[in-house]
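Every number here is computed from the coordinates shown, using simple stated rules; none is lab data. Since we're looking at a predicted model, the values are computed, not measured. FYI the Cβ positions are ideal-geometry reconstructions off the backbone, even for glycines, and counts take in every protein chain you see.
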Amino acid sequence: MASDGLDLALMVFEHTEGAERAFSSAPAEVDGIPWTREVAFVEHHGRDRIVVRGTFAGHYIDADDDEQFIGAGTAEGAVAGAAAGLLLGPAGLAVGLVGGGLAGSIADEHSGPKLRSALFDLVRNEVPQGSSAVIMLAAAEHVDAMARALDGHSGRLARHQLSPEATQALQAAVASSPSAAPAT
């Protein structure tokens, strides 16, 4: 995904399930643009908890800022811990598996918190607690298609034209997440 000329848009809805309800009744394609493959859902729960799931900047995101971030380090830590614990028998294997996974997930969490927090901070500024949003980082015509498709569902569009540097920072924040590109 090129970083020039991208818009960041959030269609914000009341209630934490509002975005998914609006999305489920919207057309998947508007003016020939299949916008639905470029969006993620944001929920801003009580106690300031943010959940982001879906496609953002070409990657599949499944992040909950109230839980441990799970990434490749979690699996690597679990395997390493299990291998070390194997020397101590079945109980050591179990302790090593859990302990290694926990250590790996903490390493993942601290490997990029500033970049990830940029996305969460943006969401906190645009999506009030108890609300939800459809979020998209895409070319202007794709954002226009999303806005037209969700028009009439009582949403509020928050749209930002990003500098190339801001776009690259958001792309870097999700770069370690799995690619959302279809397998060929």
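The table that follows gives values for the structure above.
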| quantity | calculated |
| --- | --- |
| Segment Asp121-Arg47, length gained on full extension (0.36 nm per residue, minus Cα span) | 25.2 nm |
| Approximate spin-label separation Tyr60-Gln129, in nm, with each point projected 7 Å along Cα-to-Cβ | 3.2 nm |
| FRET efficiency for Ser154 and Arg37, using Cβ-Cβ distance with R0 set to 30 Å, rounded to 0.05 | 0.80 |
